[in-house]
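What follows is a single structure, written as structure tokens, with notes after it.
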Amino acid sequence: MRVGHAVIDLSPERMHEECGLMGVHAPGEDVANLTYFGLYALQHRGQESAGIAVSDGAALRLHKDVGLVAQVFDQRSLDGLQGTLALGHTRYSTTGSNRRENAQPMLVVHPRLGSIAIAHNGNLTNAARLRRELEEEGVRFTTSSDTEVIAELLARTPGTSLMSLLGQVLPRLQGAYCLLALSRDHLVGVRDPLGIRPLCLGRLPGGGSVIASETCALDTVGADLVREIEPGEAVELGTEAPLTRQLLPSDRKATCMFEFIYFARPDSILQGQSLYEARRNMGRQLAREAPAQADIVISLPDSGTPAAVGYAEESGIPYSEGLIKSRYITRTFIQPSERLRHVGIKLKFNPLRDVLRGKRVVLVDDSIVRGTTSRKIVEELRRAGTAEVHMRISSPPIQWPCFMGIDIASRAELIASGRSVEEVRAVIGADSLQYLSKQGLLGSVRNLTGFCMACFDGDYPVPVPVQLEMDKLALEPVGRD
């Protein structure tokens, strides 16, 4: 929250992932427009800035700015991005504040390859150390983003191809990263050896190829899913068929479980699973583990809806819309008074009083982070005349911060950290509160293995420097009660 005329996030309860990536190789196609529509489909992964870089085989052109995809681009800006290769990015800042300088893709100049554009989804746990090393070598950084660290490493690494540069740079990186790198002739997408963030490969009807963070972006541009890019694997576009290379060994997988719970769109497919069905399964299992005596099941839209549907199906309690979400509200400029912060919540979620009045309600959501929104939603439901509010959460309690590209803050800001479930219930004001167990969560995703669940249990897949929690506070501070 900024003091004065403040930017108020109307959903402070929600976590945000860092970025969405979209890359296209399609000679004869309007690659900039294809990338634009792909980014539009990935807008949920970042709403702070957007950018597209395009190569025509001779030079790179770039357009980027702060704002939503539809705000950053118009037809004139897209018409100026002509080429056969394109790289797009939409961003939410986890390291590096929300300034135009931190918008991506970022450009650097390599002595052999010329201009290189790079875009990054994730968070490096050793970015501060790498930055200091580069500064000692004379690099002067212009942004506070860890993506610029990767870009400068590429620019200062000898080699004659993007693949050779990445093969030397990637072993120096720790943490979560999906990368897209664009030169005059090639586009390379790469996933970190733990596979923390998703990345997939698709094929266009005319024979072109697409690399995207999620399959929903492939659907939007009419591409068929070929497969997920494997952890540690790089895929190069720019030739007739994609070329692949395993740049880093992958001894352990640690896909972020919150991609299944919340981050990825429900119409995407991850590890062969429909995310809508996975979330509906979470709701079904939640109903088995945490039954309630109630009249209706409602969700906190839209994130809790699939799980709420599953809960209703399993419990036999009717599902109903109880809260109407304005899908046109993201952030607004308002005075930071408590009364107007409350108005901000009402702008986004408005209760259906005739549906709720006198009813015992099960309210299903995917998670509780700080508890601020949950408490205010419970208050709104009571004002609407509900008799009881039983909150059910389709994930375990979040007790640890994330250092892998998600803006989960310090433990002090997490309502479940150091509190029992009953204490959390008392803070948010619900009549009852229960979470899905870790075992129930894993069963809901077909008992797949290889997940990062550190926000639930503190078991991080990579070493986390003690100072990192302070390093990541380049974010604007979050307003607290």
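Quick note: the coordinates plus some simple rules give every number you see, no bench work behind them. Note that this is a predicted model, so its numbers are computed, not measured. Neighbour counts run over all protein chains shown; Cβ positions are idealised from the backbone, glycine included.
A few remarks follow.
- From least to most packed, judged by other beta carbons within 10 angstrom and beginning with the fewest, THR84, THR239 follow the order THR239, THR84.
- P(r), alpha carbons of segment 270-460 - 10 Å bins starting at zero, rounded %: 9, 34, 38, 16, 2
- Length released on extending from GLU277 to ALA241, taking residue separation times 0.36 nm less the Cα-Cα span: 9.7 nm
- DSSP-defined antiparallel bridges as percent of all bridges, the chain, nearest 5: 80 percent
- Using alpha-carbon coordinates, inclination of helix 127-136 to the longest axis of the chain, degrees: 30 degrees
- Computing Rg and the Kirkwood Rh from the Cα coordinates of segment 423-468 gives a ratio, Rg/Rh, of 1.12.
- By the beta-carbon count within 10 Å of each Cβ, the least crowded to most crowded order of GLU321, GLU148, fewest first, is GLU321, GLU148.
- Gain in span if fully extended, GLU101 to ARG203, counting 0.36 nm per residue against the direct Cα distance: 33.5 nm
- Tensor-based shape of segment 6-250 (alpha-carbon gyration tensor, a/c under 1.5 rounded, otherwise prolate or oblate): rounded
- Exposure proxy for CYS402, CYS216, CYS256: other Cβ atoms within 10 Å of each Cβ, ordered fewest to most, give CYS216, CYS402, CYS256.
- A Cβ-based charge dipole, computed about the Cα centre of the chain with Lys and Arg at +1 and Asp and Glu at -1, lands at about 940 debye.
- Inter-label distance, nm, simple model (7 Å from Cα along the C-beta direction), THR157/ARG446: 3.4 nm
- Taking the longest Cα principal axis of the chain as reference, the axis of helix 146-155 is set at about 10 degrees.
- Using θ = phi - 60° and Karplus 6.51 cos²θ - 1.76 cosθ + 1.60, couplings along segment 34-43 (whole Hz; Gly, Pro as x): 4, 5, 4, 5, x, 5, 4, 5, 9, 4
- Angle of helix 338-348 to the longest C-alpha principal axis of the chain, folded into 0 to 90 degrees and rounded to 10: 80°.
- Each residue of segment 110-115 was assigned a 3J(HN,Hα) from its phi angle through the Karplus expression (A = 6.51, B = -1.76, C = 1.60, θ = phi - 60°), giving 9, x, 9, 8, x, 5 Hz with x at Gly and Pro.
- Modelled spin-label separation between GLN75 and VAL421, with each label point placed 7 Å from Cα along the Cα-to-Cβ direction: 5.6 nm.
- Linear extension gain, GLN82 paired with VAL139, 0.36 nm per residue minus alpha-carbon span: 17.4 nm
- Size-normalised alpha-carbon gyration radius of the chain, reference 2.2 N^0.38 Å: 0.97
- Taking Cβ atoms as reference points and 10 Å as the exclusive limit, the residues near LYS325 contribute a net charge of 0, counting Lys and Arg as +1 and Asp and Glu as -1.
- Principal axis dimensions, segment 113-172 - Cα atoms, whole angstrom, descending: 27, 26, 20
- Estimated from the Cβ-Cβ distance and a Förster radius of 22 angstrom, the FRET efficiency linking ASP224 and SER437 is about 0.05.
- Spread over its residues, the convex hull of the C-alpha atoms of segment 362-431 is 82 Å³ per residue.
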